[in-house]
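Participant: I have a structure here, written as structure tokens, and I will follow up with some questions on it.
The values are calculated or read from the model by the stated rules, or taken from the named source; none is laboratory data. Remember, predicted model here, so these are calculated numbers, not experimental data. So basically every Cβ, Gly included, is an ideal-geometry build from the backbone, and we count neighbours across all protein chains shown.
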Amino acid sequence: MSKVIAHEELMVDFAVVALTPSVYNSPQGLSASFAKIQAEDGPMRYCVDGQNPSPSFGDLLEDGDIVELPSIYHIKNFKVIRSGSYLGKITVTYEN
């Protein structure tokens, strides 16, 4: 059974945002193997393969959508950017 090890909230604007390594891979030795991301506010675009999304490239993430990242590979390579007129926010829950 997995255990929640951390949470973070990130604001998403017109600069590419990645998840925070010190949060998902803590100095105490706990490393996430799963993450759940919930989108709030404005639309965003994301990639999970290390590519940089743009306002017109990447998978669409809209208010209320949830993305599950099933491995540390996906967590490390997740990147997101604002896609619309409004600032977005993602809330991330990490589990190991």
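Participant: Pairs needed: first member in region 42-53, crowded, with 18+ Cβ neighbours inside 10 Å; second member anywhere, of a type in the set (Asp, Glu) and not in a strand (DSSP E or B); C-beta distance under 8 Å; at least 6 residues apart or different chains.
Facilitator: GLY42/ASP63; PRO43/GLU62; PRO43/ASP63; MET44/GLU62
Participant: Regarding region 21-35, can at least one residue be identified that is more than 16 Å from ASN77 (Cβ to Cβ), at pLDDT 95 or above and touching a strand residue (DSSP E or B) at 6+ places or on another chain (Cβ under 9 Å)?
Facilitator: no
Participant: Still on this model: Can you pull out every residue in region 75-96 that is outside any strand (DSSP E or B), in contact with a helix residue (DSSP H, G or I) (Cβ under 8 Å, 6 or more places away or on another chain) and not basic (Lys, Arg)?
Facilitator: Answer for region 75-96, where residues must be outside any strand (DSSP E or B), in contact with a helix residue (DSSP H, G or I) (Cβ under 8 Å, 6 or more places away or on another chain) and not basic (Lys, Arg): just ILE75.
Participant: On to the next question. May I ask you to list the residues in region 64-74 that are assigned to a loop (DSSP other than H, G, I, E, B) and surrounded by 15 or more Cβ atoms within 10 Å (Cβ to Cβ)?
Facilitator: Across region 64-74, the qualifying residue is only ASP65.
Participant: Hey, another quick one. Pairs only if they're at least six apart or on different chains, beta carbon under 9 angstrom, first in region 76-94 and touching a residue at least 60 places away in the same chain (Cβ under 8 Å) and closer than 12 Å to ASP63 by Cα, second part of a strand (DSSP E or B) and aromatic (Phe, Trp, Tyr); list them, first residue then second.
Facilitator: Final answer for the pair search is ILE90/TYR46.
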